[in-house]
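Student: The structure that follows is given in the form of structure tokens.
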Amino acid sequence: MKYAYYPGCSASGTSKEAEESLQATMRYLGVELTELEDWNCCGAAMATGVSYLLSVALPARNLALAERAESDLVTGCSRCYLNLIRAVHYTQHNASVREKVNTLLAETGVQYSGKARLRHLLDVIVNDVGLDVVAERVTRPLDGLRIVPYYGCCQGMWTYAQFDSVEDPHCFDQLLATLGAQVVDYPLKTACCGGTLSMSKRSVGAKLIGDLLAAAGDADCIVTACPLCMFNLNSFQKEAGGTRGTHFNIPVLFLTQIMGLAFGLPEKALGLQRNAVPVDSLYRKIAVGAAVSSGEASASGPR
Amino acid sequence: MGAQPNTLERAWTPRTLEHTPSSTDLVGNDFSLCYQCGLCTGSCRTAYAMKYTPRQVMNLLQLGRTDEAVASGSGLLCTACYSCTFRCPRGVAVTDLMAAIQRLSLAQRHADPHIRRFYQAFMRTVERHGRFHEVEFLVRYYAPNPLRLREQVSVGLTLLRKGKITLKPPKMQSQKAIAAMFRKAAQIEGRP
Amino acid sequence: MAEGKNDVKIGVYVCHCGSNIAGTVDVEELTAFAQELGSVAVARNYKFMCSEPGQALIKQDIEELGLNRVVVAACSPRMHEPTFRRVCEQGGLNPYQLHICNIREQCSWVHKDGATEKAKALVSAAVSRAYYLEPLESREVPVAPAVLVVGGGIAGIQAALKVADAGRKVYLVEREPSIGGHMTQIDKTFPTLDCSACILTPRMAAVKAHPNIELMTYSEVVGVQGYVGNFRATIRRKPRYVDESLCTGCGICQEKCPWKAESEFDCGLGQRKAIYTPFPQAVPNVPVIDPEHCVYFLRDGKCGACLKFCERGAIDFNQTEKMVDVEVGAIIVATGYDLMDPSEIGRLGYSRFPNVITSLEFERLCNATGPTGGHIVVNGQEPKSVAIIHCVGSRDRKYHEYCSRVCCMYALKFAHLIKEKIEGASVYQFYIDMRCYGKGFEEFYQREAGEGVTFIRGKPSQVTDFAMSEEEQGKLVVVCENTLVGRTLRVPVDMVILCPAMEARADARDVARLFNLTQSADGFLQERHAKLEPVATANDGMFVVGCAQGPKDIPDTVAQALAGAAETLALIDRGSVELQAATATVDETLCQGCGRCEEICVFHAPTLSSDGRLIPVSSINEALCKGCGVCAVACPTGAISIRHFTRQQILAELEALSGVPV
């Protein structure tokens, strides 16, 4: 299984742990990811505020690069995925947009013909690798760990991709169950975390994050499918608590981090020390700590 | 063996909007189909904070009162989660219309200055480096009001401690080409 | 015919059609042009050719000038071809020597510039064709004086009764073990709040008792052949495993049967036995055995309790299906509707929460013969607050764009029933528009508002059990925007009733194929003309009535059923049907017997037979032939030609249009 890989801008910074754990677990599962050469920012949530054309052309350039590399493109960031698939869709259905986007892309020496195939990380794990393979590679089942599967809102992505239900997806639930976790029936699993509002309009962002954290109840941790969601839910627990007159302290992990834990990969490889809310409480619960710090399991590829 | 979803919603193609040359023009006229059912607003997580809800914005657009919709600042609170667009029974591309309102808001001086600067600072780093540069963004965003940096102190320190802030700007080959893309887009869209 | 070349006298009549044609086409210039064409004896124009004076013009010219061809340049032949054919007949001319040239829909209505030039070309072509037209005789075939009604719901029942009352034989075929359809599942009907069973069961009994109605329940039509006036339908009578002639309907078999299954009649909320009548007032009151749940079938002869207890010996496990053929003159399709399954709309929680139910399920809860004996109870509890959500899957591009018509009204009805049965209950109606258009409907709406029903204008985005406040604990919460105030609203309730869209039956496509009908874009069976022919279909002699044609309430269903009855009676009383003369004909000297025509014809009109000849030749059954021309094209030797559309006639038109000799 070989793919071109689109890391997205948060991978090297605010969501470094997402990137690290993604690389480690994909290697472990035998998925070959080649970083898309010369990729550019997808525009996140900001491009649409400045220019409609750029909001389609910026992600489209990455698709054009993937086309040139003759590779399927995988991304682990839901926001990036949404932007990319939006570009796929909008250029597909509107000739005028396609033409103008390619005019912009010509400035960078590429053209987008609509052939690139885009995949979300979850889709690849659940459908290409397969849950039975994932189950085989689990060495430290997350027995009894109560996990909230937070898919995040980028529902638009499923609208166009159709690899899971938009309103009630469960590929993530199934993945977590395969890892041995007790999956919490989370009512807000596709509710928006507020995206960049946590930074640009703290009052609204904090409220949204607060709702999400409160709904997690007494779960052991929340696992997200998007690095930005992870950043939001991790970094603003104090402010979120403030909006509700309460206190939150719930670990929030990225999906490949929890996968890595179940695979027995070392803490450092999964960037677990970088999560804003410490994840030590989890180790106690699944007794992974000992095995992990003694470096028992190997992170260097399939057996 | 892969996981199969229990239900796949029917393939949904909202009508994509025709791009018009000026980015400050309201894109498309899908709002005319809106029959004011309110499903978009019922699905919207930030509607509670909006002066005019998404549905009300659609109504203002229908009445030609675009300026009011723009001035309300509703577009700036849209997180583009697409829930509204996905569910709209008339196929109105609500999210994209909110984005258009957003563009119009941000182009005007009286928009919330923090949010305005947030968008502009972000895109400026992308324009210069081809990728988002956290530190430069922070500088641009907070420069006019450095005291506001206080709100980022706890987050920032945590990030620093955990080694998640890269001071070096990102490097990609086509930086100049990306900048050219930005200029070309501005030219086509008639932006300064 | 013995006409010489110079004997052809063509009259050309250009209609102004008010300003419809004259506003864009220069009718004077056109008339002058037509006058100069070959064999045209006279060319006139008039404001409305279809009017009495217009028609009189033509008649007069035929008589006085000895015209033997008429060309009318006017609107589409679909409008007035019959009119002008009659005019020709009245004038003494064969009606097939008329040619209608469409210079309205195909000219003046679609062009601004160049319309006159185009009209000239069209008229020139028309005149060229008219030259070669020949007199033809249409035939009449007798109509079998019987009607087949497919579907025994209220539509089928009413249609059958009306036709039978007129003294005609009716075959009423119903798929379920009993007639009655969905109306049997309904508790009360709006706006009068009549008990549904009370108004329906007398009709059902009347059907059973009527000497002219042959009722075949637990049966399906599996094949239809023939043409208007002469249909032959094959009906499969499924085995009940109970002898209808012996059974008295005492019910002891059902009592004694130890095996249960989900009751379809109760929408899965209750149970029935493996031997069952779907509901107490079933007609016929003869049970059927469901082999998928009957242990006698599942375990090779075990049990047999019904056999033991039936005093009449009516149980017969050896029954087999029977095929029955009937010959009828007309068929009425009244196959009804299905209710959409709202599971697809996950955010409303239908598949998650047992206290989110559909309207039909709620009818069963309300109804005294239902699984709860008429008590509105979910999870063993009586709900103190109920939300009713309109437009679930209707008025929604993602599911069904159309409005299902009945839901606003039955939602009001539900509000009343809830208020009546549960002391102090709160009812919330979540609507987008209130559609109360019928007689007594708006008054009913007022009455319900007066009973204290809360109307919230907002399409709910979600039904959730996730409580965000004390008062929401343990409840279902309906989330929407209260659009009249412009704020998000969360309403905690004990029960949610969804109003799902009325859909075409799941097998509508198969039914359409079987009866050679078309479906509209919304999936329902299509009527011939949306306004003027609401029950006729493109297939002569076949009629569609009731919800099979589109969502509607009981009054409209009955109106359509009676309309269908009138249509079929008109057909039968006429006694015969005129077959169109433009049929295919085979020149036997050219026919090679290849059989391609037989293969390609979808109406099964050509048949090959040897009849003592060396090679078989094709002959066309003119009653079946629609004159579509496909066989003529397929025929490799050109042996087949279509009367009234001969090669000569068509080529003449083309030559005139293109100016190129063909």
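Student: Apply the Debye scattering formula to segment B:30-106, with a single equal point scatterer on each alpha-carbon and no solvent, then give log10 I(q)/I(0) at q = 0.13, 0.14, 0.21 Å⁻¹.
Tutor: Each listed q maps to, in turn, -0.29, -0.34, -0.81.
Student: Near A:LEU104, within a Cβ-to-Cβ distance under 12 Å, what is the net charge of the other residues, with Lys and Arg +1 and Asp and Glu -1?
Tutor: So the environment of A:LEU104 carries a net charge of +2.
Student: Hey, can you grab everything whose amide H is under 5 Å from the amide H of C:VAL577? Only 5+ residues off in sequence or another chain; H modelled, so Pro and N-termini drop out.
Tutor: Distant-sequence amide H within range of C:VAL577: C:VAL141, C:VAL143.
Student: Given a 10 angstrom Cα cut-off, can you work out which residue in A:SER71, A:SER55, A:SER165 is the most mobile in a GNM of chain A?
Tutor: Between A:SER71, A:SER55, A:SER165, it is A:SER165 that shows the largest mean-square fluctuation.
Student: Let me ask something else. How large is Rg over Rh for segment C:1-69, taking Rg from the Cα atoms and Rh as the Kirkwood inverse mean of 1/r across Cα pairs?
Tutor: 1.02
Student: Something else about it: Inverting the mean 1/r over all pairs of different Cα atoms, compute the Kirkwood radius of segment C:584-642 and quote it in Å.
Tutor: For segment C:584-642, the Kirkwood estimate is 11.0 Å.
Student: Order by neighbour count: C:CYS50, B:CYS88, fewest other Cβ atoms within 10 Å first, most last.
Tutor: C:CYS50, B:CYS88
Student: Give me the log10 of I(q) over I(0) for segment C:5-138 at q = 0.17 Å⁻¹, as the Debye formula computes it from C-alpha points; what are the numbers?
Tutor: With no solvent term, the Cα-only Debye profile gives -0.79.
Student: When we measure straight from the Cα of C:LYS9, which aspartates and glutamates land under 18 angstrom away, once same-chain ones fewer than 8 places off are left out?
Tutor: The reachable aspartates and glutamates, counting only those whose Cα sits under 18 Å from C:LYS9, are C:GLU36, C:ASP61, C:GLU63, C:GLU64, C:GLU89, C:GLU134, C:GLU653.
Student: Another question, if that's okay. Please list the radius of gyration and Dmax for segment A:186-226, considering alpha-carbon atoms only, with Å as the unit.
Tutor: 10.5, 29
Student: Here is a follow-up. Sorted from largest to smallest, which semi-axis lengths in Å does the alpha carbon gyration tensor of segment C:338-503 give for its equivalent ellipsoid, taking the root of 5 times each eigenvalue?
Tutor: Equivalent-ellipsoid dimensions as semi-axes: 20, 20, 17 Å.
Student: Where Rh is the Kirkwood radius over the Cα pairs of segment C:519-601, the temperature 25 °C and the viscosity 0.890 mPa s, what D in µm²/s does Stokes-Einstein return?
Tutor: D = 157 µm²/s.
Student: Computed over the Cα atoms, what is the radius of gyration of segment A:138-293 divided by 2.2 N^0.38 Å, N being its residue count?
Tutor: 1.01
Student: Just rank C:MET49, A:MET1, fewest to most, by other beta-carbon atoms within 10 angstrom.
Tutor: A:MET1, C:MET49
Student: Per DSSP helix of 4 or more residues, -39500 (n - 2.57); summed, then divided by the residues of chain C. What does that give at 222 nm, rounded to the nearest 500?
Tutor: Rounded to the nearest 500, it is -8000 deg cm²/dmol.
Student: On to the next question. Taking Rh as the Kirkwood radius computed over C-alpha pairs, what is the Stokes-Einstein D of chain C at 37 °C in a medium of viscosity 0.692 mPa s, expressed in µm² per second?
Tutor: Estimated diffusion coefficient is 112 µm²/s.
Student: While we're on this one: Just the Cα atoms of the protein assembly as shown: what Rg and Dmax do they give in Å?
Tutor: 36.9, 117
Student: Right, something else. Over all distinct Cα pairs, what is the inverse of the mean 1/r for segment C:420-527, reported as the Kirkwood hydrodynamic radius in Å?
Tutor: Hydrodynamic radius (Kirkwood, Cα only) of segment C:420-527 equals 17.2 Å.
Student: Another one. I'd like to verify something in chain A: which complete DSSP H helices, judged by Cα projection on the helix axis, reach 27 Å or more and average at least 1.0 on the Kyte-Doolittle scale?
Tutor: For chain A, where a helix must reach 27 Å along its axis and average at least 1.0, there are no hits.
Student: Let me know the shape class of chain A, please: from the alpha-carbon gyration tensor, a ≥ b ≥ c as square roots of the eigenvalues, rounded when a/c is under 1.5, otherwise prolate if a/b is greater than b/c, or oblate.
Tutor: Oblate shape, in that a/c is at least 1.5 and b/c is the bigger or equal ratio.
Student: Further, regarding this structure: log10 I(q)/I(0), Debye, Cα-only segment A:2-120, no solvent, q = 0.20 Å⁻¹?
Tutor: Cα-only, vacuum Debye calculation for segment A:2-120: -1.05.
Student: Can you give the three extents of the C-alpha atoms in segment C:50-124 along their principal axes, from longest to shortest, in whole Å?
Tutor: Cα spread of segment C:50-124 along its principal axes, largest to smallest: 38, 22, 22 Å.
Student: Also: How high is the relative contact order of chain A, given as a whole-number percent (alpha carbon pairs under 8 Å, six or more residues apart)?
Tutor: 21
Student: Now a separate question. Taking the C-alpha atoms of segment B:71-118, how large are the radius of gyration and the largest Cα-Cα span, Dmax, in Å?
Tutor: Using the Cα atoms of segment B:71-118, the pair Rg, Dmax is 11.7, 35 Å.
Student: Checking a compactness column here: for segment C:305-355, what do you get for Rg(Cα) / (2.2 N^0.38 Å), N being the number of residues?
Tutor: Rg over 2.2 N^0.38 Å, computed on Cα atoms: 2.26.
Student: If contacts are Cα pairs under 8 angstrom and at least 6 residues apart, what is the relative contact order of chain C in percent?
Tutor: Over chain C, the number comes to 13 percent.
Student: Hey, another quick one. Hey, got the dipole for segment C:220-319? About the Cα centre, +1 on K and R Cβ, -1 on D and E Cβ, debye to the nearest 20?
Tutor: 180
Student: Oh, and also: Kindly put C:HIS99, C:HIS400 in sequence by how many other C-beta atoms sit within 10 Å of each C-beta, fewest to most.
Tutor: Listed from fewest to most nearby Cβ atoms, that is C:HIS400, C:HIS99.
Student: So what's segment C:238-351 giving for Cα Rg divided by 2.2 N^0.38 Å, two decimals?
Tutor: Normalised by 2.2 N^0.38 Å, the Cα Rg of segment C:238-351 equals 1.32.
Each value in this text was obtained by applying a stated rule to the coordinates, not by laboratory testing. As the structure is a computational prediction, the values presented were derived from the model and not from experiment. Here the Cβ is made from the backbone with ideal geometry for all residues, glycine too, and neighbour counts use every protein chain on show.
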